[in-house]
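**Q** Just dropping this structure here.
The values are calculated or read from the model by the stated rules, or taken from the named source; none is laboratory data. Since this is a predicted model, take the numbers as computed values, not measurements. For neighbour counting, all protein chains shown are included, and Cβ atoms are generated from backbone atoms with ideal geometry for every residue, glycine included.
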Amino acid sequence: METSERSSSGRVTVYSIQGCPHCMQANATLGRLGVSVCDVDMGRHPELRARVKALTGRSTVPQIFFNSVHVGGNDDLQKLAPEELQWLVNMVKEEPLPEDAPPLPEENQSEATGRETDGEFMCERDELADLVEDIKHASLIDSHRRGLIVYKKSFSGDQLVDWLQTEKGMGRTVACNTGQALLQKKYMVRVHGSGQRDGTFGTGKDNMGTLYRLLQDDPNSALNTGQTAVCAPIEAADISLLLREMILKLFSEHLSADGKSVDYKSMSVNPDFERYCELAVQLQRVELLSLSRDEKLAFFINIYNALVIHGNLRLGFPTNMWQRYKFFNYVSYLIGGEVFTLQDIENGVLRGNRKGIAQLLKPFSKTDPRLQVALPDAEPLIHFALNCGAKGCPPINTYTPQDIDSQLRIAAEAFLENDDGCMVDCGKREVRLSQIFKWYKTDFGDTDEKVLKWVVEHMSDSPKRTSLQGVLSAGKTKVSFLPYDWGTNSAH
């Protein structure tokens, strides 16, 4: 049980479970109201389940009470009119806790160590979640051959519709609409290489070659798979904020003051890291196309930095060029029904679908659905926000959509002020830059002259900037690149 103590007479009580994005969003909202919040984990206190269910008539979480007034779940909280919410806050602040306030665990009640499943409270589930559970165990999932390739754990549109009609009693039209909904809500995906990918669910002879898989059966190595996100999805911008807050909490405990090194060993055993992993599962079905440009920048920068750490913790640190190539091309999350590797996030999304280091092709082809998510142009400032887990990388930070450009500009100024980013030798009329400016030269300008102009424009007012301006005004500036420190940023 977590309690946010403030000077108030009453309290807000939240009944939740770990890994529930709705619970996290509710607690984040309540935490900004200036009232005392008691968060009771129903997974650890099964002795309260019957009483809470009797009080609320529900077995989903969160369940929220202001004193003894039952507000409902997270959706109910978010929909409260401002005046209603203010009335509830004032009541908690001004009125004593009534005798019929919802129960808290007894002080001498030890927390349950196991996770009982019988009667356990669940996240606010999506309306199709139970149907997906039934499909997981249905006989229609099998291996199918298309030419020389065998697609395991797959089914055709016709097989799904027949099963929905036979087992669930649906009419054909409803069954087809359900298939479309399962595809649209990203519970299932088209099998790559079989049939068309036009976003519609198909049956009949025109779609004989098209096969589908449940999302969890799609063969990929994404670190947030292995289970299906069955919670009703929350907005991408909201889940981005929740992930950022959780990452920030982990960083505050395991990141050095300068942001340059991470205590991976202690982070790996921190319960908050497991909660982060549980929340990352919810990325599977998030809707990315609703994100604005600023939201997309903050979302994918934060996800990239967290994914690098997640990959290092789960797979170990890449120690040579080949391992680094594999790491950045294979470490991935399933986001919005599509797999995004670190390479995809950096070069596909944040650099406007440009070739990366040693890449012959652009990350996304013209028919790749991920292309819709890519930013229209390269964003040079992202290079000072992305941390690849090496000592030579910029410091780790987290970003918010509000004023994102200003945050990124500050990060660039700090990087260039450091001698790892830029060194000026007035005597030799030489400027030595980080390898980042060599690897991604097209993002900063096609010529050394344009790159140096970009650097000057993005430095803070400092003696180094004055020196650089002096060197440039003298003409014939030599540009060279500093060695890159690929050593791990592990604190141990």
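**Q** Looking at the structure I just gave you, is A378 closer than 23 Å to R354 by Cα, modelled with pLDDT of 85 or more and part of a loop (DSSP other than H, G, I, E, B)?
**A** Details: closer than 23 Å to R354 by Cα: yes; modelled with pLDDT of 85 or more: yes; part of a loop (DSSP other than H, G, I, E, B): yes.
So A378 fits the description; yes.
**Q** Something else: Of the conditions (1) outside any helix (DSSP H, G or I); (2) under 30 Å from R285 (Cα atoms), D405 clears all except one; give me its number.
**A** Only one criterion in (1) outside any helix (DSSP H, G or I); (2) under 30 Å from R285 (Cα atoms) is unmet by D405, namely (1).
**Q** Looking at segment 422-447, which of its residues are assigned to a helix (DSSP H, G or I) and among the basic types (K, R)? Reasoning before the result, please.
**A** Keep residues of segment 422-447 that are assigned to a helix (DSSP H, G or I), which gives 436-439, 441-444.
Of everything in segment 422-447, those that are assigned to a helix (DSSP H, G or I) and among the basic types (K, R) turn out to be K438, K441.
**Q** Then there is this: Give me the pairs: first residue in segment 439-450 and at positive phi, second residue among the hydrophobic types (A, V, I, L, M, F, W, C) and assigned to a helix (DSSP H, G or I), beta-carbon distance under 9 Å, and six or more apart or on different chains, which are they?
**A** G445/V451; G445/L452; G445/W454
**Q** Which of the following residues is under 25 Å from R324 (Cβ atoms) and not assigned by TED's automatic domain parsing to the domain that holds N347: T488, T477?
**A** Numbers: T477 fails: under 25 Å from R324 (Cβ atoms).
None of the others qualify; the one that does is T488.
**Q** I'd like to check something: does segment 178-194 contain any residue that is over 21 Å from E338 (Cβ atoms) and at pLDDT 85 or above? Quick ask: steps written out before the conclusion?
**A** Let us first name the residues in segment 178-194 that are over 21 Å from E338 (Cβ atoms), namely 178.
Then drop every residue that is not at pLDDT 85 or above, which leaves 178.
Checked against the condition, which is being over 21 Å from E338 (Cβ atoms) and at pLDDT 85 or above, segment 178-194 yields at least one hit.
**Q** Among the residues of segment 459-492, which ones are within 30 Å of F251 (Cβ to Cβ), touching a Lys or Arg at 6+ places or on another chain (Cβ under 7 Å) and not polar (S, T, N, Q)?
**A** Of everything in segment 459-492, those that are within 30 Å of F251 (Cβ to Cβ), touching a Lys or Arg at 6+ places or on another chain (Cβ under 7 Å) and not polar (S, T, N, Q) turn out to be M459, F481, L482, D485, G487, H492.
**Q** Checking the structure you have, find out if any residue of segment 475-483 is aromatic (F, W, Y), buried (at least 16 other Cβ atoms within 10 Å of the Cβ) and either more than 26 Å from N387 (Cβ to Cβ) or within 36 Å of the chain's Cα centre (by Cα) (or both).
**A** Narrowing segment 475-483 to residues aromatic (F, W, Y): 481.
Remaining after also requiring buried (at least 16 other Cβ atoms within 10 Å of the Cβ): none.
No, because not a single residue in segment 475-483 is aromatic (F, W, Y), buried (at least 16 other Cβ atoms within 10 Å of the Cβ) and either more than 26 Å from N387 (Cβ to Cβ) or within 36 Å of the chain's Cα centre (by Cα) (or both).
**Q** Can you name the residue in segment 414-432 that is among the acidic types (D, E) and surrounded by fewer than 14 Cβ atoms within 10 Å (Cβ to Cβ) and, of all such residues, is nearest to L248 (Cα to Cα)?
**A** To start, the set of residues in segment 414-432 that are among the acidic types (D, E) comprises 417, 419-420, 425, 430.
Of the ones still in play, those that are also surrounded by fewer than 14 Cβ atoms within 10 Å (Cβ to Cβ) are 419, 425.
Values: D419: 27, D425: 38 Å.
Here the answer is D419.
**Q** Could I ask something else about it? Can you tell which of N320, N302, N329 is outside the structural domain of Y440 (by TED's automatic domain parsing) and farther than 25 Å from D218 by Cβ? Give the steps one after another, and end with the answer.
**A** Working: N302 fails: farther than 25 Å from D218 by Cβ; N329 fails: farther than 25 Å from D218 by Cβ.
Only one candidate passes the filter, namely N320.
**Q** A further question on this structure: Filtering segment 240-273 down to residues that are of a type in the set (S, T, N, Q) and in a helix (DSSP H, G or I), which residue is surrounded by the fewest Cβ atoms within 10 Å (Cβ to Cβ)? Reasoning before the result, please.
**A** The initial filter retains those residues of segment 240-273 that are of a type in the set (S, T, N, Q), namely 240, 252, 256, 261, 266, 268, 270.
So of that shortlist, the ones also in a helix (DSSP H, G or I) come out as 240, 252, 266, 268.
Working: S240: 23, S252: 8, S266: 13, S268: 14.
Checking each candidate, the answer is S252.
**Q** Moving on to the next point. Give V451, V471, V455 a once-over and let me know the one that is modelled with pLDDT of 90 or more, among the β-branched types (V, I, T), assigned to a helix (DSSP H, G or I) and touching a Cys at 6+ places or on another chain (Cβ under 8 Å). Please lay out each step first, then the result.
**A** Numbers: V451 fails: touching a Cys at 6+ places or on another chain (Cβ under 8 Å); V471 fails: modelled with pLDDT of 90 or more.
Sole residue among the options that is modelled with pLDDT of 90 or more, among the β-branched types (V, I, T), assigned to a helix (DSSP H, G or I) and touching a Cys at 6+ places or on another chain (Cβ under 8 Å): V455.
**Q** Restricting attention to helices (runs of 4 or more DSSP H) lying wholly within segment 1-90, give those where 2 or more residues are more than 24 Å from the chain's Cα centre (by Cα).
**A** It comes to 49-56.
**Q** Residue by residue through segment 333-375, note down the ones that are crowded, with 24+ Cβ neighbours inside 10 Å, out of contact with any His (no Cβ under 9 Å at 6 or more places or on another chain) and closer than 29 Å to A181 by Cα.
**A** Those that are crowded, with 24+ Cβ neighbours inside 10 Å, out of contact with any His (no Cβ under 9 Å at 6 or more places or on another chain) and closer than 29 Å to A181 by Cα: L334, I335, F340, D344, I345, G348, V349, P363.
**Q** Just wondering, is there one or more residues in segment 396-413 that are surrounded by 18 or more Cβ atoms within 10 Å (Cβ to Cβ), farther than 28 Å from F328 by Cβ and within 32 Å of the chain's Cα centre (by Cα)?
**A** no
**Q** Filter segment 136-179 down to the residues that are in contact with a Phe, Trp or Tyr (Cβ under 9 Å, 6 or more places away or on another chain), of a type outside the set (K, R) and assigned to a strand (DSSP E or B) and list them by number.
**A** Matches in segment 136-179: D142, S143, H144, S154, F155, S156.
**Q** Another question, then. Quick one: in segment 474-492, which of the residues that are under 30 Å from N312 (Cα atoms) and of a type in the set (A, V, I, L, M) is modelled with the lowest pLDDT? Walk me through it before giving the result.
**A** Taking segment 474-492 as the starting set, the residues that turn out to be under 30 Å from N312 (Cα atoms) are 481-492.
With of a type in the set (A, V, I, L, M) added as a condition, the list becomes 482, 491.
On the way: L482: 89, A491: 64.
Filtering segment 474-492 for residues that are under 30 Å from N312 (Cα atoms) and of a type in the set (A, V, I, L, M), the one modelled with the lowest pLDDT comes out as A491.
**Q** Continuing with the same structure: State the number of residues belonging to segment 262-279 that are in contact with a strand residue (DSSP E or B) (Cβ under 7 Å, 6 or more places away or on another chain) and not hydrophobic (A, V, I, L, M, F, W, C). Outline the logic, then answer.
**A** Of segment 262-279, the ones in contact with a strand residue (DSSP E or B) (Cβ under 7 Å, 6 or more places away or on another chain) are 262, 264.
Checking the rest, the ones that are also not hydrophobic (A, V, I, L, M, F, W, C) come to 264.
Looking only at that region, the number is 1.
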